[in-house]
Amino acid sequence: MRAHPNCRTELTRSFIALALGIGLAAHAVAADDNVIAPFSAAAPGDPPATWKFATLPNKTPTQYSIVDLGGARVLKVQSDESYGNLVHAMHMKVSDHSVLSWRWRVDKLLEDADIRTRAGDDSAAKLCVFFGFDAAKLSFGERTKLALGRASTGEDVPTETLCYVWDNKLPIDTGLVNAFTKRIRFIVLQSGAAKLGQWVTQRRNLVADYQRMFGDESEGKVPEVTGVSVSADSDNTHDHGLSYFGDVSLTP
């Protein structure tokens with residue numbers, strides 16, 4: 001059975017790059033696969049080896065590099081009408097006390113981005129967490145989309161992805177479903193230019209956020225975390241964004 005073109009568009013945009021990134025990163029997971037490789041310990045240049053870049057065919061790639069900024073080594077993320085994810089595979093069971101923490105800074109927002117729509121589904125800075133939810137519990141339609149994603153990439157596709165976004169306009173604490181697929185859901189943590197050019201530290205109770213955004217299908221249980229990613233994209237809005245990320249950590 002051939003997929004409807006709209007279904008293929010949805011799969012391509014939402015799943016394939018993430019699947020490729022997780023598949024590549026899974027082969028480079030360190031012996032302690034609960035540890036997310038820090039940017040601060042890397043030399044200037046390419047990100048640590050356990051962070052793997054994944055993009056889509058015929059897309060200009062978002063640029064990721066380790067730089068010195070303000071006396072610290074951080075990840076620079078520069079999008080120029082581009083798309084791409086930097087993915088770190090991991091395997092961790094989380095509890096009510098698990099904390100996801102990082103710091104980030106946006107120096108240039110995307111003026112026309114609107115993550116409520118497909119045409120505006122871009123962001124200057126985004127951090128995502130992948131969960132290994134049992135696909136057998138999803139509807140037939142959702143399982144079909146995931147199967148098509150696996151067939152296209154040869155890799156497992158994230159069944160649930162929770163993304164924290166630095167948006168350009170939506171109110172802080174907005175929660176919404178991705179315009180392409182229910183498998184990806186957003187929480188807006190920062191918004192607008194009030195803190196542009198400033199470092200902001202985030203600490204999130206991952207279980208609470210997961211239950212808020214995926215509680216409709218989780219039945220009170222939080223699946224294993226299978227990866228994290230940092231990303232920025234501006235291919236839909238044809239804009240230019242600039243952001244920085246410090247180390248990302250997740251406590252069990």
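The values are calculated or read from the model by the stated rules, or taken from the named source; none is laboratory data. Being a predicted model, the structure only gives us computed values, none of them experimental. Cβ: placed from backbone, ideal geometry, glycine included. Neighbour counts: every protein chain shown.
Filtered by the rule that a residue be more than 14 Å from A125 (Cα to Cα), in a loop (DSSP other than H, G, I, E, B) and either in contact with a helix residue (DSSP H, G or I) (Cβ under 7 Å, 6 or more places away or on another chain) or not aliphatic (A, V, I, L, M) (or both), region 167-203 gives P171, D173, T174, N178, F180, T181, K182, R183. Of all the residues in region 190-217, those that are hydroxyl-bearing (S, T, Y), over 16 Å from the mean Cα position of the chain (by Cα) and surrounded by 15 or more Cβ atoms within 10 Å (Cβ to Cβ) number 1. Residues in region 174-189 that are among the polar types (S, T, N, Q), within 15 Å of the chain's Cα centre (by Cα) and at pLDDT 95 or above: none. Which condition number does P223 fail, the rest of (1) within 21 Å of A124 (Cβ to Cβ); (2) in contact (Cβ under 8 Å) with a residue 24 or more places away in the chain; (3) within 18 Å of the chain's Cα centre (by Cα) being met? Checking P223 against (1) within 21 Å of A124 (Cβ to Cβ); (2) in contact (Cβ under 8 Å) with a residue 24 or more places away in the chain; (3) within 18 Å of the chain's Cα centre (by Cα), the one that fails is (1).
For region 218-244, the set of residues classified as part of a loop (DSSP other than H, G, I, E, B) and surrounded by 24 or more Cβ atoms within 10 Å (Cβ to Cβ) consists of S234 only. Only one of the listed residues (T237, T201) is in contact (Cβ under 8 Å) with a residue 12 or more places away in the chain and farther than 27 Å from R118 by Cβ. That residue is T201. Among the candidates D96, D121, single out the residue that is closer than 23 Å to A193 by Cα and at pLDDT below 95. Testing whether each residue is closer than 23 Å to A193 by Cα and at pLDDT below 95 leaves just D121. Report yes if some residue within region 177-189 is surrounded by fewer than 16 Cβ atoms within 10 Å (Cβ to Cβ) and in contact (Cβ under 8 Å) with a residue 24 or more places away in the chain; otherwise report no. Looking for residues that are surrounded by fewer than 16 Cβ atoms within 10 Å (Cβ to Cβ) and in contact (Cβ under 8 Å) with a residue 24 or more places away in the chain, one finds none in region 177-189, hence no. Report yes if some residue within region 144-162 is surrounded by fewer than 21 Cβ atoms within 10 Å (Cβ to Cβ), within 15 Å of E217 (Cα to Cα) and either modelled with pLDDT under 90 or of a type in the set (S, T, Y) (or both); otherwise report no. For region 144-162, residues surrounded by fewer than 21 Cβ atoms within 10 Å (Cβ to Cβ), within 15 Å of E217 (Cα to Cα) and either modelled with pLDDT under 90 or of a type in the set (S, T, Y) (or both): absent. Annotation note: of T55, T117, the sole residue that is among the β-branched types (V, I, T) and out of contact with any strand residue (DSSP E or B) (no Cβ under 6 Å at 6 or more places or on another chain) is T117.
Within region 109-124, identify whether any single residue is surrounded by fewer than 18 Cβ atoms within 10 Å (Cβ to Cβ), of a type outside the set (D, E, K, R) and without any contact (Cβ under 8 Å) to a residue 40 or more places away in the chain, and answer yes or no. No, region 109-124 contains no residue that is surrounded by fewer than 18 Cβ atoms within 10 Å (Cβ to Cβ), of a type outside the set (D, E, K, R) and without any contact (Cβ under 8 Å) to a residue 40 or more places away in the chain.
Note on region 57-120: enclosed strands (runs of 3 or more DSSP E) holding 3 or more residues that are within 22 Å of V225 (Cβ to Cβ) and touching a Gly at 6+ places or on another chain (Cβ under 6 Å) are 85-92.
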